[in-house]
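Working notes, beginning with the structure itself.
The values are calculated or read from the model by the stated rules, or taken from the named source; none is laboratory data. Note that the structure is predicted; figures quoted are calculated from it, not measured. For neighbour counting, all protein chains shown are included, and Cβ atoms are generated from backbone atoms with ideal geometry for every residue, glycine included. Keep in mind that these areas ignore ligands, DNA and RNA; they rest on the heavy atoms of the full protein, side chains included. Shrake-Rupley method; radii C 1.70, N 1.55, O 1.52, S 1.80 Å.
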Amino acid sequence: MSSDPSPVTNQPVAPETSTTTSTSGSYESTGSSSGGSRQVEVKPKPDPNKPKPGPKKPKVSGRTRRATMTSYVEVYRIEPMAALRVSAVFFFCVYLMLVVAVTAMVVGGLVTGLTSGFTDFLADLGWEDVKVNIAQLAAGTTLAGFIFVVASSLMTSFLVLFYNLISEVVGGFKIVLSDETVLVDENVVDANLR
């Protein structure tokens, strides 16, 4: 046989099925002999290494339109103790930032001599014997920071309790998680709205 893999050939073929391998693949020819030459249809064998086609996409019946699908969560209640813990840590971090900033200002003022200019200004206003005492400044900042952290944390917990009461009446706030555009079958949408 020839190595030309043409789909139709005019060759005499025995009554049994014959398989021919060529450089371009394997082909199977079938047919019965009725004497003389006949036309034989040559069908290519499926390649076992070739991936099979996946499932077809379902056809959408009727008209389709683009719709935006939004996923969201609605918050109706916040746990007051969780809010107290989170706010205490948050306001303690704010306090530490303020302590670092005030300490840097005071040390910078002492080094550059700005504190003496400030004390001279207070003396001109009528205050006598004004001095910058680092120990008193540190004690006052620590006490003020403690009061600030406790008061702010309790205020946050109170506001959370207030939010929980209000959200039972008017509803909570929505947090949008994602927006995506999808194709929607209008017939299905119309059926669901009825």
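Before we move on, is A104 at pLDDT 85 or above, open to solvent by less than 70 Å² (accessible area, probe 1.4 Å) and more than 21 Å from A151 (Cα to Cα)?
yes
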Applying the selection to the range 131-181, what residues are open to solvent by 70 Å² or more (accessible area, probe 1.4 Å) and of a type in the set (S, T, Y)?
T142, T181
Out of the range 160-173, which residues are touching a residue at least 12 places away in the same chain (Cβ under 8 Å), in a helix (DSSP H, G or I) and among the hydrophobic types (A, V, I, L, M, F, W, C)?
V160, L161
Restrict the check to the range 157-174 and report whether at least one residue is within 21 Å of V89 (Cα to Cα) and of a type outside the set (A, V, I, L, M, F, W, C).
yes
Selection from the range 117-126 of residues that are open to solvent by less than 60 Å² (accessible area, probe 1.4 Å) and part of a helix (DSSP H, G or I):
G117, T119, L122, A123
